[in-house]
Amino acid sequence: MKRKLIYLFAVAATAAAAFPQSAEFPRFLLVFELLFLLVMAVLVRIFARRIELSMELSKQVMTRGSCVEVQLFVKNPTAFPTGEIRAEITVRDVSGWQPGAQDAPQKHAAQRMAGRQPDAQDDRKKHAAQRMAERQAGRQCAQKNMTVSMDAGRRSRDCWTTKISPVHCGLLEITVDSVWVSDYMGVCRKKLRGPFAVRHVSVLPRIYPVQQGTDLRQSGAREGWQDEIAARAGSDTQEIFDTRIYQRGDTLRKIHWKLSAKTDELMVKEFSMPTDEAVRIAADTGGAVTGISAETMDRFLENTAAFAALCLEQGYPCELLWYQADERKICSRRFEREEEMHGALEELLGVRPCDDSESALLFEDVQEDDEQGIWRLRLDGTAEQGGRSMTVKLEGRDG
């Protein structure tokens, strides 16, 4: 704006010197200044239509405290170098526990686990509507704005790079919201409204060892639970529990062909219940219906990750459960490998706070069928199992 005012003042001074006098040079200079302004305005509009912006992240999943590299690319297909290009980059936390957040964590995790990039075009369509809905509701997610300046040579593709180090766990949405294209002197400027590029990165909790070193399965298991599991039908194809006559709806892979040939009737196999039943961990966000702080959520996620990692370390499969308050349903994810655990933690970023009466629904059904005692991790940093409670302490974590 300052450069524009200076240039207009120069044009006005030239006009004042040209018309009262009959000198040709001031008039020539005035025409030149006006034509130059017109050419710059046309070039700015051409640049605004032709330049292409894109953004890439060095990773889609990271651990809290590490860095992600953000690269903003500007492609200029024209035969002229651009003037100044200013882009406004917004970094927003759209985790499920943040006010105003949508279902982005579950969608992003599902798309990444499916082996494809999140749909940027679909994100752009929903971005404006989401921001409008937040403003109307008077809610705003935690965000940080950055303004960057760069230029692009003729028929070139230039890059601007920065690093972002998130302080808290969550799902970050990095968006190029607005772009300003200026001429070489900064007199004419054209604003383009986005979003032009939308990317997401999941910030997972650090994994600390549990100080207690508790055997998560045996500490709460009833005596003889393995014999009870083995004594009822299930889905373990390694052990046949019983055989029976074929019924409509049975799959062909369960047919016992040798026995069927002997009896002249179709016989099917019933398999035993697997003896490696997963340790169940319930991530309980009850008692925080008014919202929770980022620090509290960090510790809660770290506790959950530590217990899940301890299960895998002790050789037990793990099943993570949580209550999805907006959908009023119990979500679960079973995993036996570290990569699968990271996917489960990504989905847990979408959990929302609820009151105790809602979170109680998490245990009404699962505790009745649980043979070993479900671990209940709470926001206050405690872990409960089988009527006993303990404070979770992790090695290497401050506080």
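Every number here is computed from the coordinates shown, using simple stated rules; none is lab data. Since this is a predicted model, take the numbers as computed values, not measurements. Cβ: placed from backbone, ideal geometry, glycine included. Neighbour counts: every protein chain shown.
Details
- Over region 158-209, volume per residue of the alpha carbon convex hull, in Å³: 116 Å³
- FRET efficiency, 1/(1 + (r/R0)^6) with R0 22 Å, evaluated for Ile6 and Tyr184 via beta carbons: 0.90
- R0 of 30 Å, Cβ-Cβ distance Thr391-Ala294: FRET efficiency to nearest 0.05: 0.90
- Cβ-to-Cβ counts within 10 Å put Thr251, Thr78, Thr175, Thr285 in ascending order as Thr251, Thr78, Thr175, Thr285, the fewest first.
- Nearest-0.05 FRET efficiency for Val167 and Glu313, computed from C-beta distance (R0 22 Å): 0.20
- Partner lysines for Lys144 [C-alpha distance under 22 Å; skip if fewer than 8 residues away on the same chain]: Lys59, Lys125, Lys126, Lys163, Lys191
- Charged side chains reduced to their Cβ positions (Lys and Arg at +1, Asp and Glu at -1) give region 40-97 a dipole of some 160 debye around its Cα centre.
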